[in-house]
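The values are calculated or read from the model by the stated rules, or taken from the named source; none is laboratory data. Bear in mind that the values here come from a model prediction, so they are computed numbers and not experimental data. For neighbour counting, all protein chains shown are included, and Cβ atoms are generated from backbone atoms with ideal geometry for every residue, glycine included.
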């Protein structure tokens with residue numbers, strides 16, 4: 001009996017080791033699939049066209065900065081970069097302010113249809129943006145907002161609000177009601193409670209939303225391509241497609257443009273990474 005038990009223990013240990021090995025291998029594969037594209041872009045942005053033709057994955061034998069000089073000297077490149085920063089900042093600001101107000105109302109106020117409204121907003125998270133492009137374009141055309149910053153900022157904020165409201169509301173409902181009642185006794189109204197209690201306590205969630213929303217706006221292509229049709233209004237991602245069309249053979253030049261585009265997001269993630277996981281976990285609790 002003890003021998004059978006010993007064999008069973010050994011078999012369980014082997015099975016556990018096998019499953020752990022599979023998990024580790026999958027994690028390594030996922031990490032490689034994420035890191036390799038970044039490595040490919042950064043390495044080839046410092047190569048000449050000849051060096052790129054000889055080897056696409058090796059480190060450059062000679063570091064070349066001429067590609068970056070060409071990128072920054074390209075017509076409207078700095079304007080594209082500034083447009084992207086402006087749209088990202090505007091969309092994130094509108095999203096955080098509007099999302100905080102909506103999340104507070106849905107999480108802490110009692111009114112008829114609150115649950116139904118919350119479920120409807122959450123259901124919008126599964127609607128693909130491409131489905132709304134034609135109605136949005138018709139609407140913005142009627143108001144004369146095509147090729148304007150407010151139109152794109154409003155659309156971006158609308159796309160980001162369902163997830164932001166869900167995350168903020170999930171955090172707001174974890175705040176003890178006694179704390180809010182004490183604030184009301186001291187004379188705080190609804191806006192005072194939101195501004196002085198809920199928003200300061202939700203800083204990790206706010207930083208997490210800041211990173212996620214900025215990254216989404218920065219990498220977005222379809223909306224900017226449709227609603228920013230003039231070349232000087234393009235975002236950096238749309239501008240890179242134009243750069244590729246003009247210099248279709250010069251891949252290192254395109255890689256240099258992509259490197260310039262991803263560096264700000266890497267810097268943002270490095271400074272906010274400690275808040276990212278904390279904020280997402282804090283907002284993942286349920287009622």
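Go through segment 107-122 and give me each residue that's within 25 Å of the chain's Cα centre (by Cα) and either loosely packed, with under 14 Cβ neighbours inside 10 Å or more than 22 Å from residue 193 (Cβ to Cβ) (or both).
Within segment 107-122, 119, 120, 122 qualify.
Conditions first: (1) touching a helix residue (DSSP H, G or I) at 6+ places or on another chain (Cβ under 8 Å); (2) in a helix (DSSP H, G or I); (3) modelled with pLDDT under 90. Residue 131 passes all but one, so which condition is the exception?
If we test residue 131 against (1) touching a helix residue (DSSP H, G or I) at 6+ places or on another chain (Cβ under 8 Å); (2) in a helix (DSSP H, G or I); (3) modelled with pLDDT under 90, just (1) comes out false.
For segment 151-160, state whether one or more residues are in the same structural domain as residue 227 (by TED's automatic domain parsing), within 27 Å of residue 233 (Cα to Cα), at pLDDT below 90 and in a helix (DSSP H, G or I).
Checked against the condition, which is being in the same structural domain as residue 227 (by TED's automatic domain parsing), within 27 Å of residue 233 (Cα to Cα), at pLDDT below 90 and in a helix (DSSP H, G or I), segment 151-160 yields no hits at all.
Working carefully through the options 81, 46, find the one that is under 25 Å from the mean Cα position of the chain (by Cα) and crowded, with 16+ Cβ neighbours inside 10 Å. Spell out the reasoning first.
Working: 46 fails: under 25 Å from the mean Cα position of the chain (by Cα).
The unique qualifying residue is 81.
For segment 124-149, which residues satisfy the criterion of being in contact (Cβ under 8 Å) with a residue 12 or more places away in the chain, under 25 Å from residue 167 (Cβ atoms) and under 20 Å from the mean Cα position of the chain (by Cα)?
Those that are in contact (Cβ under 8 Å) with a residue 12 or more places away in the chain, under 25 Å from residue 167 (Cβ atoms) and under 20 Å from the mean Cα position of the chain (by Cα): 124, 125, 129, 130.
So, in segment 186-202, how many residues would count as being touching a residue at least 12 places away in the same chain (Cβ under 8 Å) and in a helix (DSSP H, G or I)?
Residues in segment 186-202 being touching a residue at least 12 places away in the same chain (Cβ under 8 Å) and in a helix (DSSP H, G or I): 8 in total.
Give the residues of segment 226-235 that are assigned to a helix (DSSP H, G or I), closer than 22 Å to residue 158 by Cα and either modelled with pLDDT under 90 or not assigned by TED's automatic domain parsing to the domain that holds residue 153 (or both), sorted by residue number. So that I can check it myself, show each step before the final result.
Taking segment 226-235 as the starting set, the residues that turn out to be assigned to a helix (DSSP H, G or I) are 226-227, 231-233.
Narrowing the set further to residues that are closer than 22 Å to residue 158 by Cα leaves 226-227, 233.
Passing the criteria: only 233.
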